[in-house]
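Asker: Once you've had a glance at the structure underneath, I'll fire off some questions.
The values are calculated or read from the model by the stated rules, or taken from the named source; none is laboratory data. Computed from a prediction, not measured in an experiment: that's the story for all the values here. When we count neighbours, we look across all protein chains shown, and the Cβ atoms used for this are built from the backbone with ideal geometry, even at glycine.
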Amino acid sequence: MFGADPAAHGGRAKRQIGAVHQSGPFDKTLPAMDNLRIAAAFKGLRRRDVRHEVDDLISAFSLGAKTSQLVFTLSGGELRRLQVIRALPGGPPLLLLDEPSAGLDITGRRQVWTRWPRRCAGCPGRTP
């Protein structure tokens, strides 16, 4: 996958994929930011390497005031935006999207559908 053998180099292969599932794979008893840190670690990304990118995404998706809240206290739309943010760090060349804007209000949908094209602009082989 993108030059990485998943069996031999699982971490490198995982970094090549971003996924937005219909139901969020979150630990609901942890704060939102801790869930993002765990997701980055699963992909083999170090927090210090993606910190600015994650902070920019949190700001772009209007979740800055929510990062210290426990995930179970977030609204459905906030959870969905957190899920979108979770898929993007590291700039994966493959994004798997399972209805990424389902459950979002109009503002959230605009954030999703305007953020992806900007993120993909100028990236070889990527289309919005």
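Asker: What number goes with the only condition from (1) in contact with a Phe, Trp or Tyr (Cβ under 8 Å, 6 or more places away or on another chain); (2) exposed (fewer than 15 other Cβ atoms within 10 Å of the Cβ) that G108 does not pass?
Answerer: Tallying (1) in contact with a Phe, Trp or Tyr (Cβ under 8 Å, 6 or more places away or on another chain); (2) exposed (fewer than 15 other Cβ atoms within 10 Å of the Cβ), G108 fails exactly one: (2).
Asker: Taking the criterion of being at pLDDT below 90, acidic (D, E) and surrounded by fewer than 18 Cβ atoms within 10 Å (Cβ to Cβ), would at least one residue in the stretch 31-44 satisfy it?
Answerer: no
Asker: Of the residues L45, L82, only one is under 15 Å from the mean Cα position of the chain (by Cα), touching a residue at least 40 places away in the same chain (Cβ under 8 Å) and part of a helix (DSSP H, G or I); which?
Answerer: Going through L45, L82 in turn, the sole match is L82.
Asker: Out of R48, R81, which single residue is basic (K, R) and surrounded by fewer than 19 Cβ atoms within 10 Å (Cβ to Cβ)?
Answerer: Only one candidate passes the filter, namely R48.
Asker: Can we say L104 is assigned to a helix (DSSP H, G or I) and either under 19 Å from A19 (Cβ atoms) or modelled with pLDDT of 90 or more (or both)?
Answerer: The answer is no for L104.
Asker: Given the structure, is R47 more than 22 Å from W113 (Cα to Cα) and modelled with pLDDT under 80?
Answerer: Criteria not met by R47.
Asker: Among the residues of the stretch 58-77, write down those that are within 26 Å of I106 (Cβ to Cβ), modelled with pLDDT of 90 or more and outside any loop (DSSP other than H, G, I, E, B).
Answerer: I58, S59, G64, A65, K66, V71, F72, T73
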